[in-house]
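Down below is the structure, laid out as structure tokens.
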Amino acid sequence: MSDIHIRTEGHAGRITLTRPKALNALSYDMCLAIEAAVDRWRDDPNVALIVLDADGDRAFCAGGDIAEMYATGTTGDYAYGRQFWRDEYRLNAKLDEYPKPIVSFLHGFVMGGGVGLGGHCSHRIVCESTQLSMPEVGIGFVPDVGGTYLLARAPGRLGEYLGMTAAHMSAGDAIHAGFADTFVPQDAWDALKTALIETGDVAHITAAARPAPAAPLAALQPQIDRLFAGEGLSDIVNMLRQDDSDFAATALKALGRNAPLSLAVTLEMIHRLRGSTGLTIRKALELEYRVSHRIMEHGDFLEGIRAAIIDKDRSPKWRHALDKVPAVEVSKMLMPLGKDTLDFRERAMNIGFIGLGNMGAPMAANLAAAGHAVKGFDVAGTTAEGVTQVATAAEAATGADVVITMLPNGEILRSVAADIISHMSKGAVLLDCSTVDVGSARAVAELASAADVGVLDAPVSGGIGGAAGGTLTFMVGGSPEAFATAKPLFDIMGQKAVHCGASGSGQAAKICNNMILGVTMIATCEAFALADKLGLSREAMFDVVSTSSGYSWSMNAYCPAPGVGPQSPADNGYLPGFAADLMLKDLRLSQQAAEAADADTPLGQAATELYRTFVEDEDGSGKDFSAMLPRLEKRGRG
Ligand code: NAD
């Protein structure tokens, strides 16, 4: 994207806003790109800190890009604006709560959305040109993007003053008010950035810091505290009218320009937040979102944008006069939103899901229940709750951010991939969760990469119980970028996702795991059959082994003996569960890989042969793989 430059350099993740002609106004796409980058870098050991800065002389960021909000809002469509705000506020919270240092370089204008971006970082640097403000009341809105969190914590009544007059803060003021941390002269910024990038160590900021310049607002603090202490908007307006200082006259003039309803709501928000115990940015954002959700329909926001930005007549027709805002209007703006409450959930994605069998159907249903738009396709015509059924795999893939496949084998996967990849958008991700051979996973990865489609092989462990309960473990191969895109989906479908390395490594991890599972299940069943013949009760056998050195998942979590241990397919007549046929498939994949890699796997080989006999020559097909126990218990040594 040309409006933003995201990359890693040295030990730093770097985000530079590159839209100086628009004073680096933050668009929705920029917002999403920043979120994806910080998500990606959170667990990246090569990124020690993030440097956030902007091109051009005039502004770090002069606010959010509201043109599209106006265009949609004036047609009565409020959904775009609400989604933008929800996603932007989630980013604001992420920046505040980020586990690694984020160093923001705040030059020139830093307003509204720019404060949301640069003002919640762990290390906020200002310079001679910094002019920071929360000017939303001027366009009929209220301070948002976590601005009320900063305003509520500013000294004395400074928060009320700044939020209601939209006054600018110089570098010294911003530090005094708690909107910034450190003053570093701008001619020292390049050297500081270089040091941060080369070392990943924020100690360089202390070395580059210079004493903060004077803060004119600090000198005005006694007046501000006296004049802005009123309970409601009219109290403050009256105080300002009665005071004959130039400061009061200027402040009153500023209030006169701004939307009265916005002023009254801003004041109420700051009071509520300051009074709340355990104030967090999330509390502030949740309160702000109550207003954002309603402001286009019931506030002065659209009129404010019209007057300031569209018609530029600067004569907005506000709904109320300065000292005649009904208290009930303020309460209505701040009423809880019920089901629309800001919940910081990840952005809803468009998902295509192909293969809605025992595993795929519950996985797709969980994604739909979490709010994602899921289109599903299965040749057998199956579907899942909340999923929109479509007629072809290509249709499921078209327009999807992520396409998930959950198919029986590598051959089917290859043919589905060949069919859908040309229908997928560039940059979308093909996420295969089936268990297939490493060769098929790599072949699909090549096909996808050639079409600029991201790809992950992410087989699962946890069975149908894990698929239904959203507790699967994913073993993932593919690029870190594709992994970051899919991470929120792994979090819904599973309890853990391990990024194992490049394409194919998820499948490699899966078949190694399942080779162990096949072998330990056989060993557990053998031991039970032997214990039977030695006259040991199965209960005693379980009690000992499950807490001794013979314990394993097969014994402790999936005990093959009916009526013993936790509930398992053994208690259900050995209905799968995890079918012996699938275990045979996975063991064969492990032996195929072992052969290709020249690895000696004698027990894996023996387990494969035993499951082959059970499934192909005996009655094992369609039974759970733990039905190895009734098979063995009947037999003698001969
Ligand atoms: P399943 O047979 O129940 O589901 C596979 C689905 O794919 C079926 O509904 C089938 O109709 C559909 N399908 C086949 N060809 C298709 C095509 N060309 N287009 C669209 N759909 C197609 O199998 P499952 O148990 O859900 O397993 C799926 C994958 O997950 C397998 O690779 C399996 O090894 C793996 N797995 C299963 C378990 C388990 O416990 N069942 C555990 C871990 C991994």
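The values are calculated or read from the model by the stated rules, or taken from the named source; none is laboratory data. Predicted, not measured: the structure shown is a model, and the values here were computed from it. Methodologically, a virtual Cβ is constructed for each residue, glycine included, from the backbone with ideal geometry; neighbour enumeration extends over all protein chains shown. Accessible surface is based on the protein model in full, side chains and every heavy atom, while ligands, DNA and RNA are left aside. Shrake-Rupley method; radii C 1.70, N 1.55, O 1.52, S 1.80 Å.
Residues in the stretch 433-449 that are within 11 Å of the ligand (Cβ to nearest atom) and either basic (Lys, Arg) or in contact with a Leu (Cβ under 6 Å, 6 or more places away or on another chain) (or both): Ser434, Val436, Asp437, Ser440. Checking each residue in the stretch 110-168 for being within 29 Å of His204 (Cβ to Cβ), of a type outside the set (Gly, Ala, Ser) and assigned to a helix (DSSP H, G or I) picks out Val115, Leu117, Tyr149, Leu150, Arg153. Out of the stretch 157-188, which residues are open to solvent by 10 Å² or more (accessible area, probe 1.4 Å), β-branched (Val, Ile, Thr) and farther than 27 Å from Ser234 by Cα? If the condition is that a residue be open to solvent by 10 Å² or more (accessible area, probe 1.4 Å), β-branched (Val, Ile, Thr) and farther than 27 Å from Ser234 by Cα, then Ile175, Thr182 are the ones that fit. So which of Arg40, Arg7 ends up being within 24 Å of Leu196 (Cα to Cα), outside any loop (DSSP other than H, G, I, E, B), within 20 Å of the chain's Cα centre (by Cα) and in contact (Cβ under 8 Å) with a residue 24 or more places away in the chain? From the options Arg40, Arg7, the qualifying one is Arg40. If Ala561 satisfies all but one of (1) open to solvent by 40 Å² or more (accessible area, probe 1.4 Å); (2) away from the ligand (no atom under 16 Å from the Cβ), what's the number of the condition it fails? Answer for Ala561: the failing condition is (1). Taking the listed residues Gly518, Gly535, the one that is within 20 Å of Arg631 (Cα to Cα), in contact (Cβ under 8 Å) with a residue 60 or more places away in the chain and outside the structural domain of Ala364 (by TED's automatic domain parsing) is Gly518, with no other qualifying. Among the residues of the stretch 207-262, those identified as touching a residue at least 12 places away in the same chain (Cβ under 8 Å), out of contact with any Ser or Thr (no Cβ under 9 Å at 6 or more places or on another chain), in a loop (DSSP other than H, G, I, E, B) and more than 14 Å from Arg157 (Cα to Cα) are Pro211, Asp243, Ser245, Ala259. Among the conditions (1) under 30 Å from Gly232 (Cβ atoms); (2) within 12 Å of the ligand (Cβ to nearest atom); (3) of a type in the set (Lys, Arg), Arg319 misses just one, which is (2).
For Thr383, the stated conditions do not hold, so it cannot be described as touching a helix residue (DSSP H, G or I) at 6+ places or on another chain (Cβ under 8 Å) and touching a residue at least 60 places away in the same chain (Cβ under 8 Å). For the stretch 63-86, the condition of being within 24 Å of Ser479 (Cβ to Cβ), touching a helix residue (DSSP H, G or I) at 6+ places or on another chain (Cβ under 8 Å) and either assigned to a loop (DSSP other than H, G, I, E, B) or modelled with pLDDT of 95 or more (or both) holds for none of the residues. When each of Gly518, Gly506 is tested for being farther than 25 Å from Pro602 by Cβ, in contact with a Phe, Trp or Tyr (Cβ under 8 Å, 6 or more places away or on another chain), open to solvent by less than 10 Å² (accessible area, probe 1.4 Å) and not aromatic (Phe, Trp, Tyr), the lone residue that passes is Gly506. Scanning the stretch 108-157 for residues being within 24 Å of the chain's Cα centre (by Cα) and among the small types (Gly, Ala, Ser) gives a total of 9.
Restricting Ala599, Ala627, Ala529 to those that are open to solvent by less than 70 Å² (accessible area, probe 1.4 Å), more than 22 Å from Gly465 (Cβ to Cβ) and assigned to a helix (DSSP H, G or I) reduces the list to Ala529. Of the helices (runs of 4 or more DSSP H) lying entirely inside the stretch 272-357, those containing at least 1 residues that are touching a His at 6+ places or on another chain (Cβ under 8 Å) are 281-298, 327-333.
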